[in-house]
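Here is the structure we will look at.
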Amino acid sequence: MQLPVILVNFKTYPEGRGKRGILLAKAAENVSSEYSVNIAVAPQLLDTINIAQNVEIPVFSQHIDTKEPGSATGHIDAYTLREFGVSGTLLNHSERQINLRTIEEAISIAKDAKLKTLVCAGTIPMSQAVSILKPWAVAMEPPELIGGDVSVTTRPNIVKLAVEAVTNGNPDTLPFIGAGVKKADHVDAAIQLGAKGVLLASGVVKASDPEFVMTEMAKILKTVK
């Protein structure tokens, strides 16, 4: 996957579900293609496979379970997601937390299913702890800033420490940051501070013109490639 990356989490916002979710993913695809930058999307779970089959950009699940295929009623199967074109999964988002042992099991299953894993962490020590488990990427998101109007990039020392923690845990794991990232300037600051990607949500999904917001962010990525 080409770096740096913008990963847009649709959460369960009404603006990003059903037909609106497909249109949002298509907008991300258009911007990605026009500017030759990598924009991935994480639709809500009920839309994940449908969107994966309608766009060429990477589509991530918002979660997977640690059950193998078979007797696992009601669980989210990594292998089925991959079979239908899903590229990766979020794990341990602050709104869908799991313990460290479960994170490790989920990373293992995702690797076997050939899904990339982006593990969320709310603190610097947790960022390093999950990086040691060798996921594809770790996104440090201070919980108090998620969904708010203050970007984590206004705390540059925290971003630098998060990048360092992830790299120290495993140099092959990519450091992402998130929380309050809503503008092109925030994306620029994140990349300048060493992040290889950003995880964001409402700044795009709830914007009056999501494609415009992603375009402005893509222009930033184009200049730092």
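Here, each number is a calculation from the coordinates, and none is a lab measurement. Small disclaimer: the values here were computed from a predicted structure and weren't measured. Positions of Cβ are backbone-derived with ideal geometry, glycine not excepted, and every protein chain shown enters the neighbour counts.
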## Note on the structure
Once both label points are put 7 Å beyond Cα along the C-beta direction, the ASP112-ASN157 separation in nm becomes 4.4 nm
### Query
Applying the Karplus parametrisation 6.51 cos²θ - 1.76 cosθ + 1.60 with θ = phi - 60° to the phi angles of segment 179-185, what ³J(HN,Hα) value in whole Hz is obtained for each residue in order, glycine and proline being reported as x?
4, x, 7, 9, 10, 4, 4
### Summary
FRET efficiency for ASP172 and SER36 from the Cβ-Cβ distance with R0 = 25 Å, rounded to 0.05, comes out at 0.55
### Message
As an exercise, use a Förster radius of 35 Å and the Cβ-Cβ distance of THR80 and GLU144 to find the FRET efficiency, rounded to the nearest 0.05.
### Response
0.50
### Task
Can you figure out the FRET efficiency of THR223 with ASN54, using R₀ = 30 Å and their beta-carbon distance, to the nearest 0.05?
0.50
### Query
Can you give the net charge of the other residues whose Cβ lies under 12 Å from the Cβ of THR215, counting K and R as +1 and D and E as -1?
-2
### Query
Between GLU95 and MET1, 0.36 nm times their residue separation minus their Cα-Cα distance comes to what?
31.3 nm
## Note on the structure
Which of (i) 28, 23, 18; (ii) 24, 22, 15; (iii) 33, 23, 13 is the computed semi-axes √(5λ) of the Cα gyration tensor in Å? It is (ii)
### Query
If amide H atoms are built 1.01 Å from N in the plane of the peptide, which residues on other chains or at least 5 residues away come under 5 Å of the amide H of PHE84?
none
### Task
Have a look at PHE60, PHE176, PHE84 and tell me which one the Gaussian network model of the chain (Cα, springs below 10 Å) gives the largest fluctuation.
PHE84
### Task
Straight distance only, please: which aspartates and glutamates reach the Cα of LYS160 with their own Cα at less than 20 Å, same-chain residues fewer than 8 apart left out?
GLU141, GLU144, ASP172, ASP185, ASP188
### Query
Cross-link partners among lysines for LYS26, C-alpha distance below 30 Å, same-chain residues fewer than 8 apart left out?
LYS11, LYS111, LYS114, LYS116, LYS182, LYS183, LYS196, LYS206, LYS219, LYS222, LYS225
### Query
Between VAL5 and residues 5 or more places away or on another chain, which pairs have amide H atoms under 5 Å apart, with H built 1.01 Å from N, and which residues are they?
GLY197, VAL198
### Summary
Summing -39500 (n - 2.57) over every DSSP H run of at least 4 in the chain, dividing by its residue total and rounding to the nearest 500, the 222 nm mean residue ellipticity is -12000 deg cm²/dmol
### Task
Starting from the amide H of ILE76, placed 1.01 Å from N in the peptide plane, find each other amide H under 5 Å away whose residue is 5 or more places distant or on another chain.
ASP65
### Summary
Here the net charge surrounding THR80, from other residues whose Cβ is less than 14 Å away from its Cβ (Lys, Arg +1; Asp, Glu -1), is -2
#### Entry: Under Karplus coefficients 6.51, -1.76 and 1.60, residue-wise ³J(HN,Hα) of segment 66-73 in Hz, glycine/proline x
9, 8, 6, x, x, 7, 8, 3
### Query
If you put +1 on each Lys and Arg Cβ and -1 on each Asp and Glu Cβ, how big is the dipole of the chain around its Cα centre, in Debye rounded to 20?
140 debye
### Query
Any idea what the relative contact order of segment 1-127 is, in percent, if you count C-alpha pairs under 8 Å spaced at least 6 apart?
19 percent
### Task
Provide the per-residue ³J(HN,Hα) series for segment 110-117, in order, calculated from phi with Karplus coefficients 6.51, -1.76, 1.60 and θ = phi - 60°, each as a whole number of Hz, with x at glycine and proline positions.
4, 4, 5, 7, 6, 9, 6, 10
#### Entry: Inter-probe distance in nm under a simple model that places probes 7 Å from Cα toward Cβ, at LYS134 and LYS206
3.9 nm
